[in-house]
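Colleague: Would you mind keeping the following structure in view while I ask a few things?
The values are calculated or read from the model by the stated rules, or taken from the named source; none is laboratory data. Quick caveat: nothing in here was measured; it's all calculated off a predicted structure. With ideal geometry, Cβ positions are generated from the backbone for all residues, glycine too; neighbour counts draw on all protein chains shown.
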Amino acid sequence: MDEVRPDTVSATAADPRVDKLLEKISILEQLFVKRIKDDQAHAAAYNALYQDMAKYRDDAFRGAQKPLLKGLVLLYDTVKRSLDGLSDAAGREAVGLHLEEIVELLHRHDVERIAETPARFDRTIQQALGTQPAESPEDDQTIARVVRDGFRWGSQVLRPQEVVIRVRK
């Protein structure tokens, strides 16, 4: 290791060029720190802007898809009614295949049939189309029958399950 001699320290400390050099290094250090902070702020702003634009793009795409998916749900209803109206086995099988194709197409677009029917009426996934009398207090607000299937699109309800509920009068 180099040994620092006291006469060298006092000579460099007294030299104004060294002080000026140290001052310039300090200024450069401050500029670098400021630049790094600015770059970090710009990167954060860019990332936030990118996320906002991605969300806007996804929302616009989802908004454009929604009418098409609702149309497919209506086609599902029509094909299901046709299936219910057929009596011959060959016709039922053919129409059943079409119904399965529609369900698969909806599934590819993250649309699922609301399969579960809760014991009691649930406003978040069901819409009451009618009522019928409940025979006991326990039957109040229970589902009498499902009129039309409901569908979820991701986490939101695309169309509520349409039901008839029992009510106590």
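Colleague: Being more than 19 Å from residue 66 (Cα to Cα) and either touching a residue at least 24 places away in the same chain (Cβ under 8 Å) or basic (Lys, Arg) (or both) is the filter here; which residues of the stretch 93-123 pass it?
Modeller: Passing the criteria: 117, 118, 119, 120, 121, 123.
Colleague: So, residue 92, is that one loosely packed, with under 15 Cβ neighbours inside 10 Å and of a type in the set (Lys, Arg) or not?
Modeller: no
Colleague: What is the one condition in (1) under 29 Å from the mean Cα position of the chain (by Cα); (2) not assigned by TED's automatic domain parsing to the domain that holds residue 72 that residue 133 does not satisfy?
Modeller: (1)
Colleague: Being within 22 Å of residue 110 (Cβ to Cβ), assigned to a helix (DSSP H, G or I) and in contact with a Leu (Cβ under 6 Å, 6 or more places away or on another chain) is true for just one of 95, 79, 73. Which residue is that? Please lay out each step first, then the result.
Modeller: Numbers: 95 fails: within 22 Å of residue 110 (Cβ to Cβ); 73 fails: in contact with a Leu (Cβ under 6 Å, 6 or more places away or on another chain).
So the residue among 95, 79, 73 that is within 22 Å of residue 110 (Cβ to Cβ), assigned to a helix (DSSP H, G or I) and in contact with a Leu (Cβ under 6 Å, 6 or more places away or on another chain) is 79.
Colleague: If the Cβ limit is 7 Å and pairs must be 6+ apart or interchain, which residue in the stretch 64-77 that is farther than 9 Å from residue 159 by Cβ pairs with which residue that is in a helix (DSSP H, G or I) and among the hydroxyl-bearing types (Ser, Thr, Tyr)?
Modeller: none
Colleague: Which one of these is surrounded by 15 or more Cβ atoms within 10 Å (Cβ to Cβ) and touching a helix residue (DSSP H, G or I) at 6+ places or on another chain (Cβ under 8 Å): 159, 168, 152?
Modeller: Only one candidate qualifies: 159.
Colleague: Search the stretch 95-128 for residues being hydrophobic (A, V, I, L, M, F, W, C) and loosely packed, with under 14 Cβ neighbours inside 10 Å, and hand back the single one that is farthest from the chain's Cα centre (by Cα). It would help to see each step written out before you state the result.
Modeller: Step one: list which residues in the stretch 95-128 are hydrophobic (A, V, I, L, M, F, W, C), which gives 95, 97, 99, 102-103, 105-106, 111, 114-115, 119, 121, 125, 128.
Add one more test, that the residue is loosely packed, with under 14 Cβ neighbours inside 10 Å, and what stays is 97, 115, 119.
On the way: 97: 31, 115: 21, 119: 28 Å.
Among those residues, the one meeting the criterion is 97.
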